[in-house]
1. Using a Förster radius of 22 Å, what is the FRET efficiency between Lys98 and Glu146 based on their Cβ-Cβ separation? Nearest 0.05, please.
2. Of Pro87, Pro116, Pro167, which has the largest mean-square fluctuation in a 10 Å C-alpha GNM of the chain?
3. Relative contact order (percent) for segment 43-189, with alpha-carbon contacts under 8 angstrom and 6 or more residues of separation?
4. With charges only on Cβ, +1 for K and R and -1 for D and E, what is the dipole size of segment 134-177 about its Cα centre, in debye, rounded to 20?
5. What nm distance separates the two modelled labels at Lys47 and Glu117, each placed 7 Å from Cα along Cα→Cβ?
6. What FRET efficiency comes out for Ser187 versus Asn126 if R0 is 35 angstrom and r is the Cβ-Cβ distance? Round to the nearest 0.05.
7. Treating only the Cβ of Lys, Arg, Asp and Glu as charged (+1, +1, -1, -1), what charge dipole size does the chain show about its Cα centre? Round to the nearest 20 debye.
8. Can you give the Kirkwood hydrodynamic radius for segment 53-121, in Å, rounded to one decimal and based on Cα pairs?
Amino acid sequence: MNLVIFGAPGSGKGTQSEKLVDRYGLHHISTGELLRDHIARGTELGKVADALISHGNLIPDELMLDILSKELDAHPEAEGVIFDGFPRTIPQAEELAKLLEKRGQKVDAVVGLEVPEEELTERLLNRGKLSGRADDNAETIAKRLEVYHRQTQPLKEFYNRRLSYYPIQGSGSVDKIFDDITSVIDSLG
Ligand code: ATP
Ligand code: MG
(Lines give C-alpha, C1' and ligand atoms only; values in the text may rest on other atoms or scores of the structure.)
(Ligands and ions follow the chains in the order given, each with its own letter.)
Protein backbone atom coordinates (compact mmCIF):
# COMPACT_ATOMS: atom_id res chain seq x y z
CA MET A 1 0.00 0.00 0.00
CA ASN A 2 1.28 3.43 -0.95
CA LEU A 3 -0.18 6.34 0.93
CA VAL A 4 0.30 10.05 0.45
CA ILE A 5 -0.25 12.18 3.51
CA PHE A 6 -1.21 15.57 2.20
CA GLY A 7 -1.77 18.98 3.74
CA ALA A 8 -0.53 22.50 4.24
CA PRO A 9 2.59 23.27 6.27
CA GLY A 10 1.80 22.56 9.91
CA SER A 11 -1.19 20.34 9.12
CA GLY A 12 0.32 17.46 11.09
CA LYS A 13 1.67 15.23 8.35
CA GLY A 14 4.77 14.22 10.30
CA THR A 15 2.87 13.47 13.53
CA GLN A 16 0.29 11.27 11.81
CA SER A 17 2.90 9.56 9.62
CA GLU A 18 4.77 8.29 12.66
CA LYS A 19 1.61 6.75 14.06
CA LEU A 20 0.78 5.21 10.69
CA VAL A 21 4.24 3.65 10.47
CA ASP A 22 3.65 1.98 13.85
CA ARG A 23 0.21 0.71 12.86
CA TYR A 24 0.83 -0.47 9.30
CA GLY A 25 4.59 -1.02 9.11
CA LEU A 26 5.00 1.21 6.09
CA HIS A 27 8.26 2.90 5.15
CA HIS A 28 8.12 6.64 5.94
CA ILE A 29 9.57 9.01 3.36
CA SER A 30 9.50 12.61 4.58
CA THR A 31 11.11 14.81 1.96
CA GLY A 32 11.39 17.64 4.52
CA GLU A 33 13.32 15.32 6.89
CA LEU A 34 15.57 14.12 4.06
CA LEU A 35 16.40 17.72 3.17
CA ARG A 36 16.97 18.76 6.79
CA ASP A 37 19.32 15.80 7.15
CA HIS A 38 21.36 17.06 4.19
CA ILE A 39 21.42 20.55 5.72
CA ALA A 40 22.62 19.16 9.06
CA ARG A 41 25.39 17.18 7.32
CA GLY A 42 26.41 20.21 5.27
CA THR A 43 26.26 18.41 1.90
CA GLU A 44 26.19 20.30 -1.42
CA LEU A 45 22.49 19.51 -1.71
CA GLY A 46 22.03 20.71 1.87
CA LYS A 47 23.48 24.10 1.00
CA VAL A 48 21.11 24.52 -1.94
CA ALA A 49 18.15 23.30 0.14
CA ASP A 50 18.95 25.57 3.09
CA ALA A 51 18.81 28.73 0.99
CA LEU A 52 15.45 27.72 -0.50
CA ILE A 53 13.78 26.35 2.64
CA SER A 54 14.70 29.26 4.89
CA HIS A 55 12.89 31.57 2.45
CA GLY A 56 9.83 29.34 2.22
CA ASN A 57 10.48 28.20 -1.34
CA LEU A 58 10.26 24.69 -2.74
CA ILE A 59 13.22 22.67 -3.94
CA PRO A 60 13.13 22.39 -7.76
CA ASP A 61 11.13 19.40 -9.02
CA GLU A 62 14.01 17.77 -10.86
CA LEU A 63 16.23 17.77 -7.78
CA MET A 64 13.40 16.57 -5.53
CA LEU A 65 12.52 13.73 -7.90
CA ASP A 66 16.12 12.61 -8.02
CA ILE A 67 16.23 12.44 -4.21
CA LEU A 68 12.91 10.61 -4.08
CA SER A 69 13.71 7.97 -6.66
CA LYS A 70 17.03 7.23 -4.91
CA GLU A 71 15.18 6.85 -1.62
CA LEU A 72 12.71 4.41 -3.22
CA ASP A 73 15.56 2.40 -4.75
CA ALA A 74 17.29 2.25 -1.37
CA HIS A 75 14.27 0.47 0.17
CA PRO A 76 13.20 -2.29 -2.23
CA GLU A 77 12.05 -4.37 0.76
CA ALA A 78 9.34 -1.87 1.76
CA GLU A 79 5.83 -3.35 1.69
CA GLY A 80 4.50 0.11 1.14
CA VAL A 81 5.38 3.73 1.67
CA ILE A 82 3.96 6.78 3.37
CA PHE A 83 4.89 9.80 1.32
CA ASP A 84 4.99 12.80 3.67
CA GLY A 85 5.51 16.21 2.08
CA PHE A 86 5.68 14.72 -1.40
CA PRO A 87 4.32 15.34 -4.00
CA ARG A 88 4.07 19.12 -3.60
CA THR A 89 3.58 20.05 -7.26
CA ILE A 90 1.68 18.62 -10.23
CA PRO A 91 4.90 17.56 -12.04
CA GLN A 92 6.01 15.73 -8.86
CA ALA A 93 2.67 13.90 -8.75
CA GLU A 94 2.89 12.93 -12.42
CA GLU A 95 6.42 11.65 -11.98
CA LEU A 96 5.51 9.74 -8.78
CA ALA A 97 2.79 7.92 -10.73
CA LYS A 98 5.39 6.91 -13.35
CA LEU A 99 7.97 5.82 -10.77
CA LEU A 100 5.42 3.62 -9.02
CA GLU A 101 4.04 2.27 -12.29
CA LYS A 102 7.53 1.03 -13.20
CA ARG A 103 7.43 -0.95 -9.95
CA GLY A 104 3.95 -2.30 -10.68
CA GLN A 105 2.44 -0.05 -8.03
CA LYS A 106 0.32 3.07 -7.64
CA VAL A 107 -0.74 5.68 -5.10
CA ASP A 108 -3.56 3.88 -3.28
CA ALA A 109 -4.87 6.82 -1.28
CA VAL A 110 -4.15 10.46 -0.61
CA VAL A 111 -5.21 11.48 2.88
CA GLY A 112 -5.65 15.24 3.10
CA LEU A 113 -5.37 16.88 6.52
CA GLU A 114 -7.63 19.92 6.36
CA VAL A 115 -6.83 22.62 8.92
CA PRO A 116 -8.00 26.26 8.99
CA GLU A 117 -5.38 28.79 7.94
CA GLU A 118 -5.27 30.65 11.31
CA GLU A 119 -4.62 27.41 13.13
CA LEU A 120 -1.77 26.49 10.76
CA THR A 121 -0.01 29.78 11.41
CA GLU A 122 -0.48 29.45 15.14
CA ARG A 123 0.86 25.87 15.19
CA LEU A 124 3.92 26.76 13.11
CA LEU A 125 4.73 29.81 15.24
CA ASN A 126 4.49 27.63 18.35
CA ARG A 127 6.61 24.90 16.81
CA GLY A 128 9.22 27.50 15.89
CA LYS A 129 9.77 28.32 19.55
CA LEU A 130 10.88 24.74 20.19
CA SER A 131 12.09 23.36 16.86
CA GLY A 132 14.61 26.02 15.99
CA ARG A 133 13.61 25.31 12.38
CA ALA A 134 14.80 28.12 10.12
CA ASP A 135 11.44 28.16 8.32
CA ASP A 136 9.17 28.40 11.38
CA ASN A 137 9.14 32.20 11.71
CA ALA A 138 6.31 34.60 10.81
CA GLU A 139 7.74 35.83 7.51
CA THR A 140 8.70 32.40 6.17
CA ILE A 141 5.45 30.83 7.36
CA ALA A 142 3.43 33.36 5.35
CA LYS A 143 5.54 32.59 2.28
CA ARG A 144 5.17 28.82 2.76
CA LEU A 145 1.39 29.13 2.97
CA GLU A 146 1.32 31.24 -0.18
CA VAL A 147 3.51 28.67 -1.99
CA TYR A 148 1.22 25.92 -0.71
CA HIS A 149 -1.90 27.60 -2.13
CA ARG A 150 -0.29 28.30 -5.47
CA GLN A 151 1.73 25.14 -6.13
CA THR A 152 0.50 22.36 -3.85
CA GLN A 153 -3.22 22.86 -3.32
CA PRO A 154 -4.02 22.07 -7.00
CA LEU A 155 -3.04 18.48 -6.21
CA LYS A 156 -6.36 18.01 -4.39
CA GLU A 157 -8.16 18.36 -7.71
CA PHE A 158 -5.52 16.18 -9.41
CA TYR A 159 -6.14 13.30 -6.99
CA ASN A 160 -9.87 13.96 -6.74
CA ARG A 161 -10.17 13.30 -10.46
CA ARG A 162 -8.32 10.03 -9.90
CA LEU A 163 -10.77 9.17 -7.08
CA SER A 164 -7.98 8.84 -4.58
CA TYR A 165 -8.38 11.99 -2.44
CA TYR A 166 -9.78 11.50 1.08
CA PRO A 167 -10.21 14.71 3.09
CA ILE A 168 -9.83 14.41 6.86
CA GLN A 169 -10.67 17.05 9.44
CA GLY A 170 -7.16 17.88 10.65
CA SER A 171 -7.99 19.89 13.77
CA GLY A 172 -8.87 18.27 17.08
CA SER A 173 -7.03 15.61 19.02
CA VAL A 174 -4.15 13.72 17.42
CA ASP A 175 -5.83 10.40 18.30
CA LYS A 176 -9.20 11.35 16.81
CA ILE A 177 -7.52 12.42 13.58
CA PHE A 178 -5.55 9.17 13.55
CA ASP A 179 -8.78 7.16 14.00
CA ASP A 180 -10.33 8.97 11.05
CA ILE A 181 -7.30 8.21 8.90
CA THR A 182 -7.24 4.52 9.85
CA SER A 183 -10.97 4.27 9.01
CA VAL A 184 -10.20 5.48 5.51
CA ILE A 185 -7.26 3.10 5.10
CA ASP A 186 -9.10 0.10 6.52
CA SER A 187 -12.01 0.73 4.15
CA LEU A 188 -9.72 0.57 1.10
CA GLY A 189 -9.73 -3.23 1.34
P1 ATP B 1 4.24 19.41 8.34
O2 ATP B 1 4.38 20.36 9.48
O3 ATP B 1 2.78 19.20 7.96
O4 ATP B 1 4.92 18.12 8.60
P5 ATP B 1 6.01 21.21 6.74
O6 ATP B 1 5.54 21.99 5.56
O7 ATP B 1 6.30 21.94 7.98
O8 ATP B 1 4.96 20.06 7.02
P9 ATP B 1 8.23 19.73 5.50
O10 ATP B 1 7.37 18.79 4.74
O11 ATP B 1 9.13 19.18 6.50
O12 ATP B 1 7.41 20.77 6.37
O13 ATP B 1 9.05 20.62 4.41
C14 ATP B 1 9.92 21.67 4.76
C15 ATP B 1 10.45 22.37 3.51
O16 ATP B 1 11.22 21.45 2.69
C17 ATP B 1 9.38 22.90 2.54
O18 ATP B 1 8.90 24.18 2.91
C19 ATP B 1 10.17 22.94 1.21
O20 ATP B 1 11.01 24.06 1.12
C21 ATP B 1 11.05 21.70 1.29
N22 ATP B 1 10.39 20.53 0.67
C23 ATP B 1 9.92 19.45 1.34
N24 ATP B 1 9.34 18.59 0.48
C25 ATP B 1 9.42 19.15 -0.76
C26 ATP B 1 8.98 18.76 -2.05
N27 ATP B 1 8.31 17.62 -2.25
N28 ATP B 1 9.25 19.59 -3.10
C29 ATP B 1 9.91 20.72 -2.91
N30 ATP B 1 10.34 21.16 -1.73
C31 ATP B 1 10.10 20.39 -0.64
MG1 MG C 1 6.87 17.64 8.36
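1. Details: r = 29 Å, r/R0 = 1.30.
Efficiency computed from Cβ-Cβ geometry: 0.15.
2. Pro116
3. 31
4. Values: 7 positive and 6 negative charges, 66 e Å.
Charge dipole, segment 134-177, about its Cα centre: 320 debye, nearest 20.
5. Going from the Lys47 label point to the Glu117 one covers 3.8 nm.
6. Working from the Cβ atoms, E equals 0.60.
7. For the chain, the charge dipole is close to 160 debye.
8. It is 13.8 Å.
The values are calculated or read from the model by the stated rules, or taken from the named source; none is laboratory data. Nothing here was measured: the structure is a model prediction, and the numbers come from that model. Ideal geometry is used to build each Cβ from the backbone, glycine not excepted, and the neighbour counts take in all protein chains shown. We work out accessible area using only protein heavy atoms, side chains counted, and drop any ligands, DNA or RNA first. Shrake-Rupley method; radii C 1.70, N 1.55, O 1.52, S 1.80 Å.
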